[in-house]
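Down below is the structure, laid out as C-alpha cells.
The values are calculated or read from the model by the stated rules, or taken from the named source; none is laboratory data. What you are looking at is a predicted structure, and each value in this text was computed from that prediction instead of being measured. Positions of Cβ are generated from backbone atoms using ideal geometry, with glycine treated the same way; all protein chains shown enter the neighbour counts.
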Ligand SMILES: [Zn+2]
C-alpha cells in the first residue's frame with residue numbers, strides 16, 4: 001500500500017495530495033504545464049475546461065513556474081492568478097518548479113504554493129539529502145498540505161529545443177535512478193513525491209523525438225519508494241510511452257518546451273501576418289490558442305482519452 005494513500009485518507013479534501021492519490025488509483029496522470037505569462041495561464045485554463053467538458057468531470061491541472069518564470073511573473077502574482085479561477089469544480093494547483101535553494105523554497109512556501117520541487121541534483125547524494133530535509137521540514141511546518149518533491153539523477157536543465165542529449169545527461173541504463181538509492185533518498189528526506197531519471201530529458205530534441213522512457217525502471221522505482229513519481233521533460237515523448245509510464249507509477253507529467261515552441265511559432269506568424277498591428281492583445285491572442293491546443297492534446301493522453 002502506498003504510504004501516500006494513508007496520508008491522504010487523513011488529508012483535506014480538495015488538496016493536491018487528494019488529486020495525486022486519485023490519479024494513481026485511476027491510472028491517469030495530472031498534467032503540469034509551465035507558464036511565463038498571462039497568455040500561458042489562459043491557455044492552461046482554457047485547455048483544462050475544454051477537456052473537463054469532454055470528460056464529463058473536472059480534470060485537475062497544475063500550473064508550474066520555474067525560478068525564472070516566477071521571477072518574470074511575480075511569485076505572489078501567479079498565486080493570485082491561480083486563486084482567481086480555482087474552485088471546487090475547477091481543481092487547478094500551483095507548483096514551484098525546480099527550486100535550487102532553501103531561500104527560494106521558503107519564498108514559495110510562504111506565498112502559499114501547493115507544491116514545491118527542491119532540486120539538489122547537482123549536489124552529492126548526502127548533501128542533497130541534507131538540504132532536501134531542511135526544505136521538507138520548513139514546508140511542512142508552514143503548510144501541512146504542501147507537497148514537496150525532490151529529484152535524484154540528472155536530466156539536464158533547459159526547456160529548449162536541443163540538437164543533442166544535454167551535456168552531463170546519460171541515458172544508458174547504468175545512469176538511470178537506482179531503485180534502492182531512490183528508496184534510501186525518500187526515506188531519509190521525507191519527500192512526498194520523487195522525480196527520477198528514467199531516460200527522460202529536459203527540453204526536447206529537434207525533430208520532436210526524444211529517447212524512449214525506461215518503463216521497467218519506472219516500475220521498479222515506484223514499487224520500491226511507494227510514492228507517486230513525477231515525470232519531467234515530457235516534451236517530445238510518445239503517447240504510448242506516457243501511458244506505459246503512468247501504468248508503472250507516474251502521477252504527474254511535466255510539459256514545457258512544446259508549449260514554448262507553440263507560443264514562439266504563433267507569435268512570429270502573427271507578427272508576419274499583420275506587422276502594422278500594435279495592440280498587444282491582438283498580437284498575443286493567437287499564442288493562447290496555439291499553446292492551448294498543445295495542452296489539450298497532452299491532457300487527453302495523460303487522462304487516457306486519446
Ligand atoms: Zn523538470
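Tabulated data for the structure shown
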{"item": "Residues that are within 16 Å of the ligand (Cβ to nearest atom) and either out of contact with any strand residue (DSSP E or B) (no Cβ under 8 Å at 6 or more places or on another chain) or outside any loop (DSSP other than H, G, I, E, B) (or both), drawn from the stretch 175-204", "result": "193, 194, 195, 196, 199, 202, 204"}
{"item": "Answer residue from the stretch 218-249, given it is modelled with pLDDT of 95 or more and part of a loop (DSSP other than H, G, I, E, B) and is surrounded by the fewest Cβ atoms within 10 Å (Cβ to Cβ) among those", "result": "226"}
{"item": "Among the residues listed as 66, 87, the single one being closer than 28 Å to residue 24 by Cβ and at pLDDT below 95", "result": "87"}
{"item": "Members of the stretch 124-134 that are touching a strand residue (DSSP E or B) at 6+ places or on another chain (Cβ under 8 Å), away from the ligand (no atom under 16 Å from the Cβ) and at pLDDT 95 or above", "result": "131"}
{"item": "Residue within the stretch 27-41 that is over 26 Å from residue 194 (Cα atoms), crowded, with 20+ Cβ neighbours inside 10 Å and either more than 16 Å from the chain's Cα centre (by Cα) or without any contact (Cβ under 8 Å) to a residue 12 or more places away in the chain (or both) present", "result": "yes"}
{"item": "Selection status of residue 160, surrounded by fewer than 24 Cβ atoms within 10 Å (Cβ to Cβ), in contact (Cβ under 8 Å) with a residue 40 or more places away in the chain and within 16 Å of the ligand (Cβ to nearest atom)", "result": "yes"}
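A quick yes/no check of all residues on (1) out of contact with any strand residue (DSSP E or B) (no Cβ under 6 Å at 6 or more places or on another chain); (2) buried (at least 20 other Cβ atoms within 10 Å of the Cβ); (3) under 30 Å from residue 57 (Cβ atoms):
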| position | (1), (2), (3) |
| --- | --- |
| 78 | no, yes, yes |
| 83 | yes, no, yes |
| 96 | no, yes, yes |
| 103 | yes, no, no |
| 138 | yes, no, no |
| 141 | yes, no, no |
